[in-house]
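> Below you will find the structure I want to go over with you.
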Amino acid sequence: MGDGGTDGRYLAIADHGLIGDMRSVALVGMNGTIDWYCCPRFDSPSVFGALLDADRGGRFELAAAVPAQTKQFYFPDTNVLITRFYAYDGVGEIQDFMPIVGDPTEADRHRLIRRVICVRGKLPFTALVAPRFDYGRRVHTLRREGDRVLFSCDVLSLALTSSVDVAIEDGDARAEFTLGEGETAVFALDRVSDRVRPRSCPLAEAEEQFTETVRYWRRWLSTSHYRGRWREMVNRSVLTLKLLTYAPTGAIVAAATTSLPEQIGGERNWDYRYVWIRDAAFCLYGMLRLGFTEEAAAFMDFLDRHVALRGDGPDGPLQIMYGIDGRTELPEEELPHLEGYRCSGPVRIGNNAVGQLQLDIYGALIDSIYLYDKWAHPISSDRWEEVTGLVDWVCGNWDRPDEGIWETRGGRRNFLYSRLMCWVAIERAIRMATRRGLPADLPHWRQTRDDIYHQIMRKGFSSDRQAFVQHEDAEVLDAALLMMPMAKFVSPTDPKWLSTLDALAEDLVSDSLVYRYDPAVSPDGLRGVEGTFSMCSFWYVEALSRAGRLDEARLAFEKMLTYANHVGLFAEQIGKTGEQLGNFPQAFTHLSLISAAYNLDRALG
């Protein structure tokens, strides 16, 4: 099969744009192919999954039928994606989008519209609709129903309507057509069921839904408070975060994909289509910063309805992650019939890290509740009672070893970042109680908060390295500690912090790109290496900014922006030659970009 790293059957991860309807998303390659689409939800089995197996995954090809250069961009201030084809005889474009509709029944249609327009000259096009249901594990039937083609398996049916003739061939649908200047063709793919009846998509309706979708995204984005130097990148990031939100519950998924590798050919492949409490809480911070209080309220509602903040199981009242519907069981499974992106197996669905103990999530969650209470709406008495229960649990469990923020599978340790965020959990709750006069065991909370502080200062700082370290009794560094000044644990100009910042720059920073840790000296239980972690790179920018090193911060930020893809999207990591690695796009990366831009803007004045 050849070298997976140079496998021409796969586009680069970065060579994709994202569309969606806040229930699911599709990745559209620069070649016009949809190679990732799960229906009807983010975490449903894939219908088009060629991203994880070019031969068995399924895809929706749509492109010029002659050699052409391609470019891709978003219709300004929207999540409508345009892919252009520049050929000798003409120029054409595909407008890809998923309409946002308020009616619940129509929302269940999950309509995906591909509108093809010849804008200059004359251009032939070709289309192939080849779904492979349930990650390619279920066979499907294909039949005509009037002007539609119906793909069906025992759990899902999709109806394809088209304004051009479609042929059926070996279970797939194909079309060849030519458009002259100003002419349009439309393909629409709908999920259909007993509740959602098949419906055609004539040219006029497609144009109307295009206009309505553009209007929706522009109206939503217009409420942003950000008016700074990097408005285009910040707007793209917040539009991406909105696409990664599951509207029925307010949940925010960590990323749109599963099993995109952190190393080509490696085993570090995970399913990110779930709600990490940490990631979602930080996203809530970003949304509040920009003035999107409705999205913050929706996530708080998700917590109310779907996450039990009470209880005292062996690993505390919170799980580190939940399903987008609040489910607690996310069993991890490998799919050996899929080769993985560029032969980087295994492909995994589900996530066994759900059972890990990660104490930092309590700080992330309570900090977000504190900010919501301060910037959006005062929390209710019932919510405060839940917060006090969480803080009491943290007070009794903060000094336990855990798996830490990076979900290492090499055993539990006394991670300093986990201690830091336990301090944050208690400190923010004390602030809320004090500001609003809420009932709390303040003497006990203050004593525990101070005990954590003293232990971090006593056991977490290495006099040999002159730096705060990853875990007790170690000399290794961890980029998660860039959060120390941002969490207000230490002054950004404290000598201990400044020497830590210098040590991190020496050990983990490569031309503004930041590794989260070094697996060679801090084993994480997995084989192989990984790229730099883009979220940490933006944290580094913010740490430099807060330390007053504004020229360095601004240069590092501008360098990081050059690693975005052609439409401003970031995966989780960046490889040695600048390629994007890991699940794509990643919410946490875009949140940290927003935070870095906001704080750097404020520092620059």
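The values are calculated or read from the model by the stated rules, or taken from the named source; none is laboratory data. Model, not experiment: these values are computed from the prediction. Note: ideal-geometry Cβ built from the backbone for every residue, glycine included; neighbour counts use all protein chains shown. Side chains are part of the model used for accessible areas, which takes the heavy atoms of the whole protein and leaves out ligands, DNA and RNA. Shrake-Rupley method; radii C 1.70, N 1.55, O 1.52, S 1.80 Å.
> Tell me the residue from Glu329, Glu333, Glu294 that is closer than 26 Å to Gly266 by Cα and either at pLDDT 95 or above or open to solvent by 30 Å² or more (accessible area, probe 1.4 Å) (or both), please.
Just a single option satisfies the conditions, and that option is Glu333.
> Turning to a different aspect of this structure: Go over the candidates Asp441, Asp473 one by one and state the one that is more than 18 Å from Val394 (Cβ to Cβ) and open to solvent by 70 Å² or more (accessible area, probe 1.4 Å).
Values: Asp441 fails: more than 18 Å from Val394 (Cβ to Cβ).
Selected residue: Asp473, the only one of Asp441, Asp473 that is more than 18 Å from Val394 (Cβ to Cβ) and open to solvent by 70 Å² or more (accessible area, probe 1.4 Å).
> If you take the residues in segment 482-505 that are of a type in the set (Val, Ile, Thr) and part of a loop (DSSP other than H, G, I, E, B), which one is most open to solvent (accessible area, probe 1.4 Å)?
Thr493
> Within segment 118-154, count every residue that is more than 27 Å from the chain's Cα centre (by Cα) and more than 30 Å from Glu181 (Cα to Cα).
13
> Can you name the number of the only condition in (1) in contact with a strand residue (DSSP E or B) (Cβ under 9 Å, 6 or more places away or on another chain); (2) in a loop (DSSP other than H, G, I, E, B); (3) open to solvent by 10 Å² or more (accessible area, probe 1.4 Å) that Val354 fails?
Here Val354 clears every test but (2).
> In addition: Can you find a residue in segment 454-467 that is under 27 Å from Tyr372 (Cβ atoms), open to solvent by less than 10 Å² (accessible area, probe 1.4 Å) and in a helix (DSSP H, G or I)?
Checked against the condition, which is being under 27 Å from Tyr372 (Cβ atoms), open to solvent by less than 10 Å² (accessible area, probe 1.4 Å) and in a helix (DSSP H, G or I), segment 454-467 yields at least one hit.
> Right, something else. Is it the case that segment 402-409 has a residue that's modelled with pLDDT of 95 or more and outside any loop (DSSP other than H, G, I, E, B)? Please lay out each step first, then the result.
Here is the first cut: in segment 402-409, the ones modelled with pLDDT of 95 or more are none.
No.
> Let me ask something additional. Any idea which of (1) of a type in the set (D, E, K, R); (2) surrounded by fewer than 18 Cβ atoms within 10 Å (Cβ to Cβ); (3) modelled with pLDDT under 95; (4) farther than 19 Å from Ser44 by Cα is the one Arg148 doesn't satisfy?
All conditions are met except number (2).
> Phe75 is checked against (1) touching a residue at least 60 places away in the same chain (Cβ under 8 Å); (2) surrounded by 20 or more Cβ atoms within 10 Å (Cβ to Cβ) and fails just one. What number does that condition carry?
Condition not satisfied by Phe75: (2).
> Could you please find all residues in segment 176-187 being in contact with a Phe, Trp or Tyr (Cβ under 8 Å, 6 or more places away or on another chain) and of a type in the set (Gly, Ala, Ser)?
Selection gives Ala185 alone.
> I need the full set of residues from segment 399-418 which are more than 16 Å from Ala479 (Cβ to Cβ) and open to solvent by less than 10 Å² (accessible area, probe 1.4 Å), in order please.
Result: Asp402, single match.
> Tell me, please, whether a residue that is of a type in the set (D, E, K, R), open to solvent by less than 20 Å² (accessible area, probe 1.4 Å) and not in a helix (DSSP H, G or I) can be found in segment 256-263. Write out each step before concluding.
Step one: filter segment 256-263 for residues of a type in the set (D, E, K, R), giving 262.
The next check asks that each one be open to solvent by less than 20 Å² (accessible area, probe 1.4 Å); those that pass are 262.
Going one step further and asking which of them are not in a helix (DSSP H, G or I), we end up with 262.
Yes, that holds for at least one residue.
> Inside segment 168-199, can you point out the residues that are under 18 Å from Val129 (Cβ atoms), open to solvent by 40 Å² or more (accessible area, probe 1.4 Å), at pLDDT below 95 and not basic (Lys, Arg)?
Passing the criteria: Glu169, Asp170.
> Identify all residues within segment 506-524 that are in a helix (DSSP H, G or I) and either among the basic types (Lys, Arg) or open to solvent by less than 30 Å² (accessible area, probe 1.4 Å) (or both); write none if there are none. Break it down stepwise before answering.
In the first step, residues of segment 506-524 are kept if they are in a helix (DSSP H, G or I); the result is 506-508.
Of everything in segment 506-524, just one residue is in a helix (DSSP H, G or I) and either among the basic types (Lys, Arg) or open to solvent by less than 30 Å² (accessible area, probe 1.4 Å) (or both), namely Leu508.
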